[in-house]
Structures are given as C-alpha cells and as structure tokens.
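Contents: one structure, followed by commentary.
The values are calculated or read from the model by the stated rules, or taken from the named source; none is laboratory data. All values derive from a computational prediction rather than experimental measurement. Methodologically, a virtual Cβ is constructed for each residue, glycine included, from the backbone with ideal geometry; neighbour enumeration extends over all protein chains shown.
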Amino acid sequence: MRRKKRRRIVSALRRTVFVLCFACAGAAPASMRVFSVGSPWNVPIGPSSTFVVTEPNVSRTYTGLSTWLLPDTTSVPIYTASAADPLQSVLYNANAWNNVANRMWLRSGNSAAVEAQILATSKDVFPSPGNIYSSQSAGAWVLPSYYDKLVNPANPPARVRLPSGARPAAGTDGPLVAFQPDGTVFEAYAAIVLSTGQVVALQYHLTDARGDGSGYANGTAASMLPIYAGNIRESELLAGSINHAMQILAPASLLDTQFVLPALAFDRGALTETPPYSGHLPMGARLAIPPSVDLGSLKLTTAVGKMIAQAAQKYGFIVANRGGSGITILVEASATALGVNKYDTNTNRDIQTIMTAVKTVR
C-alpha cells in the first residue's frame, strides 16, 4: 500500500459545528457521517473553485477499488466498539511491519510461541508522538509543530475498546480502525491482534470523529490524515449516495514532494525509496469532475460508477497516501453491497471513464 519500509492549520477549521451525535454507547455506526460540517471531507466544492490539470498522467493511470486488491488487502477494516467491549492494551513493536512482510508473523492467528516472541519484543511506550512515516521535508523526518501529538503513558499502557473478532487487514500494512464509545477513533498501522485481544502496532493514534479530519488529527496515513477518512462505506452503497470526499491512494509516479491542506505531510522516504516521487500532485490534492461536465455524457452504466461520479463532482477525491502502481479508491474492507468486493468489468470501465474527466481543484 504505502512504502516498503516505511501550514499552520487555521484555527477556524477546528471551531466548526459538529455534524455527529454520540447519544448511544456504540458511537459512530456505519451509517453516520464522520467529521464536522466544516470538514474538508464534508464541504462541497465551491462555485468559485478553478479546475486545472496539474498531473496529466492521472487520466492514463489505472484506477480501481481497494476491495479489488487481493491478497494485499489495502482496504481498511472499520469496527464500532461499544462500552461493553473489553479494554485492550496497545503496545509498540518496531518489527510489526517487517516481520509480517518477511512472513515471520501474522496480523492475527499467530501460534502461542510466536505471540510470546511478539510480546517479548513489544513495549508500552511508543517512541514518537507523531507519524513515523510522515514528513514535511524530502530529505529528513520533519513534522509540523501543530498537530495532535500522541500521549504515551508508560504505566499502564494505552487501552482501547475493541470488539471481539476485530482484525487488521491481513496485508503488510495491516490497518485497523475501531470507533470508540467516547467519539474518538482508534487507528493503527501495521497492527497485530493477539489471541488475548491485545493490539501490537508500529504506530497508532486516537483521532476525533467529530473534528475536522485534517492532517492535524495525526492520522496514520502518510499525509497525517485519518486512514478511515473518505472511505466508501457499506451503508452508503446501500443508500445509493456518497456524501463526502473520497480518499484515494496515488502511486509515486504521480506524487510531488509537497502537501496542501487538508494534508500536513507526505512520505518520509519520498525521494529515497524505490520508486521515488516523480510527479506533480501534492499530498492532499483534491481531484474532481468540474461542474461543467454533464455526468450523463460519461455514459456510465453501473450504480457504483454513477454514485462515485456524483460524489466526485460534488466533493471530489483527496490524495491521502501513497499507493502501488495505480490509483486506489478506498472502500471499507467489509463492504459487499453492489458487488464492490469483486472486480467487475463494467464498474471498472466506469471508473476509468470518471478519471479521464477529473481535474485538480484549486
């Protein structure tokens, strides 16, 4: 998904009216729209916006849904925890990515001996208050001073509520998201869930589902945006409408060592990893279908394609992370409605058509 190893936010963005209601214990069910009404994810593209072509290769780059990418499983598993779910400790392990990539460990289902090895090399305290794979510099690890820093209590370790059976994606990046009863959202990168329910991760953060969803949140994407932001949810597919910007992953060939709001950073290894960034899109860029385009002229034939096109024209796509060799639209891992969990020729044709019509929003 991302790599193999892996400016000041305007205060007004944080003083927005909340759109969510957390009246029930199991906050943020799949049907809820996350983030504030003033969030960059929820505000429609303004009529005064201009549309330009900053990266001509976008229209020629293959685009697909994350739920088509098996067995890499780029999609993010999203759970909703209730007050009745157990509190699980969250531990740090420097090898939580490498040892899974090297097939020494699994994201879940490890043997007792392997779990003992994982615990023996894990720590209560995370070494960094911010995303270890994000940077505002092309040559060094530089993070902004104005982000929601991670507080790492040494004793006891951090604890989150996790539903029974919650598992990270099985791929090397192993994302895991669990909405908490208090309105925060636990998101982890390179996560491992042990048989006890404990979570071991390379990095994690508790972001706010009622905030603005910007890079200030210190999310686990390279942009520092929350990894659950802009995911197409099962409930939206069933309702027939996507009422927010959609998160996309872009390949290094399209990305530039820059960022624009709502992102706060880009990949730490943007120029040192293979392949390096070599395009013109900044992290956080918004791509959208201009309002001058008649969606009927695109001749889309599938419900999924039409839904994505409507959202792409009203809200657009936001580049939040580095992907593989193509562009990936994030769909939550458990989504099956309208057949999004399986590759479909007609849906694929619609998506490629949509991407030939998008431009960068300025």
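Scanning the stretch 122-135 for residues being exposed (fewer than 15 other Cβ atoms within 10 Å of the Cβ) and in a strand (DSSP E or B) gives a total of 1. Here is a check on your reading of the model: is TYR228 at pLDDT 95 or above, under 18 Å from ALA333 (Cα atoms) and surrounded by 24 or more Cβ atoms within 10 Å (Cβ to Cβ)? So TYR228 passes the test.
Suppose the filter is aliphatic (A, V, I, L, M) and part of a loop (DSSP other than H, G, I, E, B); does LEU119 pass it? No; evaluated as a whole, the condition is false for this residue. If the condition is being crowded, with 24+ Cβ neighbours inside 10 Å and part of a loop (DSSP other than H, G, I, E, B), then the stretch 183-210 contributes ALA190, ALA191, LEU202, ALA209. Filtering the stretch 112-134 for residues that are under 18 Å from ALA217 (Cα atoms), modelled with pLDDT of 95 or more and not aromatic (Phe, Trp, Tyr) leaves a non-empty set. The residue of the stretch 338-362 that is nearest to SER292 (Cα to Cα), among those that are over 23 Å from the mean Cα position of the chain (by Cα) and of a type in the set (Ser, Thr, Tyr), is THR356.
If you go through the stretch 149-182 and keep only what is part of a loop (DSSP other than H, G, I, E, B), surrounded by 20 or more Cβ atoms within 10 Å (Cβ to Cβ) and of a type in the set (Gly, Ala, Ser), you end up with ALA166, ALA169, GLY174. Summed over the stretch 278-299, residues that are among the basic types (Lys, Arg) and not in a strand (DSSP E or B) total 1. When each of VAL17, VAL37 is tested for being out of contact with any strand residue (DSSP E or B) (no Cβ under 7 Å at 6 or more places or on another chain), over 25 Å from THR347 (Cβ atoms) and at pLDDT 90 or above, the lone residue that passes is VAL37.
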